[in-house]
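Everything below concerns the one structure shown next.
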Amino acid sequence: MRVTPCQAALAGAISLNLLLLFCAWRGPGRSPPSCRLPRSVPGVTVLLRDFEDFDNDLAGTARSFASLPVPVLVAAEAAPYPPVPLPAGVRLLPLRPVADRPPPLAHPELHVHTRHVALVPDGTRAVPGLLERMRDVLEQGPGDTRLVAAPVGSVPLRCLELRLEPRVWTARYGTGAPGVCRAVEGTAVLLLRTRDLFALPFPLARPVPTAIFVQAVLRGWGLQVVPAAFPVSRRPPISPHNHWKAENLAESRRRRLMRDLGIKREVLADGRERWYGCGKETARCFGTVHARTPQYLLAGRWTPPCCLRALRETARHVVGALEAAGVRYWLEGGSLLGAARLGDIIPWDYDVDLGIYQEDVGKCRWLAAAAAGEPVEDAEGFLWEKAAEGDFYRVHYSRSNRLHVDLWPFYPRGGVMTKDTWLGHPQDVEFPESFLQPRVPMAFAGFTAMAPNNARAFLELKFGPGAIENPEYPNPDVKRLGQD
């Protein structure tokens, strides 16, 4: 039987699609090596990812690099709108799965067959030989070199240090020493091995440079900078409306990226900070706490910095309101422990505890309203209410964000301070009133609060000997400090 060329091509296409569908069905991480398309073809594939649907230079950038010639791919969630007339040979790879199309379209790594890939920003113009020079720097550099950057335009790249502190959800940037880069500031073409790019959990997340730098640092990858620059296209100024749209999209993408990467705060090289966690209008970063062990401790992390910031603000606000109303209060439990250790909230704590004299509740209008069973929001948006678990009070950061300060009403009985609600916490014990006669000021969370007059004896009564010197998680039976 004679097979025509058309029949052979059709059979090949069907076989390839079946292979790709099988690989996708097996799922990432489960595909056998035979499912992986070969990546041994020398050369560089240009991948265009960072561009806007509106006001872009996508066609010009693609045309410039396609003239080298190198394979050029455009990766986007969906086809740009308004439509962009891409040059012949330049393919669009939609990243968002579509119900009526085969899943391989959502896997751009199956469409890159060269050993190296260059992530090229919109508006860049090709320079013959420069991608190959970047490839040579990558292959001939030190063993940890996995990433090469080259500037786009006339402004040189600025080398930055980048240090990640996953346990405290923080990324810190600093000025890089000569020849030592972990990230760069400025518009850049990034080149790396194809297998490295698509081994990352978020290979094409936007903004692309930030996503790549953070993931590279987590893996100890080295970065080399090539001084030779790619030209940038001359484009008319962006309209104010499109500028506003671009800024808003960039901010939302950055927030999404930081959420995916587990970063709540960036400390920039000039000392400024960017925050990505919870706020007054959002829910807090963690859910209900079980067995005195928040979920983040089980994940090997401490309290998100946005939550600590909210707790400090709430504590300062509550203390100010209590002092203004003449309510006698003192630092209690883990909050006093944090003040004694480091003058702040314990880095893994999830609330603030204050004791108050029960007879003083009526002096504060917000507490009096809460005691009457009426949750009340004060002028600064903090919510005061009686706790559902018993006879004590909570002041929440806001109606949406339930980070809170607990207010425990004690009263004296025979020289001993006691209360009506006991929740079974180790520190939930009676104590002599003499610890409060007098109360003394103590630094806490950026302000001064009142505390028992012998913090060490008070804490050892509640937590046992050596409580200050021997930190431990709230429930060591569930998770112990040092097991991270």
Find all pairs meeting these conditions: Cβ atoms under 6 angstrom apart; at least six residues apart or on different chains; first residue within the range 39-64 and at positive phi; second residue open to solvent by 20 Å² or more (accessible area, probe 1.4 Å).
-> 55/238; 55/242
Restrict the check to the range 458-475 and report whether at least one residue is open to solvent by 60 Å² or more (accessible area, probe 1.4 Å), touching a helix residue (DSSP H, G or I) at 6+ places or on another chain (Cβ under 7 Å) and in a loop (DSSP other than H, G, I, E, B).
-> no
Selection from the range 388-428 of residues that are modelled with pLDDT of 95 or more and aliphatic (A, V, I, L, M) | 395, 403, 405, 407, 416, 417
Does the range 422-430 contain any residue that is over 22 Å from residue 282 (Cα atoms) and part of a strand (DSSP E or B)?
-> no
Filtered residues of the range 252-279 (kept if farther than 29 Å from residue 200 by Cβ and surrounded by 14 or more Cβ atoms within 10 Å (Cβ to Cβ)) = 279
Within the range 431-457, the residues that are of a type in the set (A, V, I, L, M) and open to solvent by less than 20 Å² (accessible area, probe 1.4 Å) are 436, 445, 449, 451, 455
Which of the following residues is more than 25 Å from residue 364 (Cα to Cα), of a type in the set (S, T, N, Q), surrounded by 15 or more Cβ atoms within 10 Å (Cβ to Cβ) and within 17 Å of the chain's Cα centre (by Cα): 282, 303?
-> 303
Only one of these is assigned to a strand (DSSP E or B), hydrophobic (A, V, I, L, M, F, W, C), surrounded by 19 or more Cβ atoms within 10 Å (Cβ to Cβ) and modelled with pLDDT of 95 or more: 126, 118. Name it.
-> 118
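Is one or more of the residues making up the range 84-100 of a type in the set (Lys, Arg), closer than 16 Å to residue 206 by Cα, modelled with pLDDT under 95 and open to solvent by 10 Å² or more (accessible area, probe 1.4 Å)?
The answer is yes; a qualifying residue exists.
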Taking the options 396, 404, name whichever one is surrounded by 23 or more Cβ atoms within 10 Å (Cβ to Cβ) and not aliphatic (A, V, I, L, M).
-> 404
Do we have any residue at all in the range 227-240 that's of a type in the set (S, T, N, Q) and not in a loop (DSSP other than H, G, I, E, B)?
-> no
Does residue 413 count as out of contact with any helix residue (DSSP H, G or I) (no Cβ under 7 Å at 6 or more places or on another chain) and surrounded by 13 or more Cβ atoms within 10 Å (Cβ to Cβ)?
-> no
Within the range 346-356, tally of residues that are out of contact with any Phe, Trp or Tyr (no Cβ under 6 Å at 6 or more places or on another chain) and open to solvent by 10 Å² or more (accessible area, probe 1.4 Å) | 5
Is one or more of the residues making up the range 225-234 of a type in the set (Lys, Arg) and either touching a helix residue (DSSP H, G or I) at 6+ places or on another chain (Cβ under 8 Å) or outside the structural domain of residue 132 (by the TED database) (or both)?
-> yes
Failed item in (1) assigned to a helix (DSSP H, G or I); (2) more than 23 Å from residue 304 (Cα to Cα); (3) open to solvent by 40 Å² or more (accessible area, probe 1.4 Å), with residue 369 passing the rest = (3)
Those residues of the range 189-201 which are open to solvent by 10 Å² or more (accessible area, probe 1.4 Å) and either assigned to a strand (DSSP E or B) or touching a Leu at 6+ places or on another chain (Cβ under 7 Å) (or both) amount to 193
Any hit, the range 158-176, residues being out of contact with any strand residue (DSSP E or B) (no Cβ under 9 Å at 6 or more places or on another chain), surrounded by fewer than 20 Cβ atoms within 10 Å (Cβ to Cβ) and charged (D, E, K, R) | yes
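Every residue, every condition in (1) over 15 Å from residue 396 (Cβ atoms); (2) in contact with a Lys or Arg (Cβ under 7 Å, 6 or more places away or on another chain), yes or no:
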{"site": "276", "(1), (2)": "yes, yes"}
{"site": "283", "(1), (2)": "no, no"}
{"site": "289", "(1), (2)": "no, no"}
{"site": "322", "(1), (2)": "yes, no"}
{"site": "332", "(1), (2)": "yes, no"}
{"site": "339", "(1), (2)": "yes, no"}
{"site": "347", "(1), (2)": "yes, no"}
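The values are calculated or read from the model by the stated rules, or taken from the named source; none is laboratory data. Because the structure is predicted, anything quoted here is derived from the model rather than measured. All Cβ positions, even for glycine, are placed from backbone atoms using ideal geometry, and neighbour counts span all protein chains on display. The accessibility values were calculated without ligands, DNA or RNA, using every heavy atom of the protein model including side chains. Shrake-Rupley method; radii C 1.70, N 1.55, O 1.52, S 1.80 Å.
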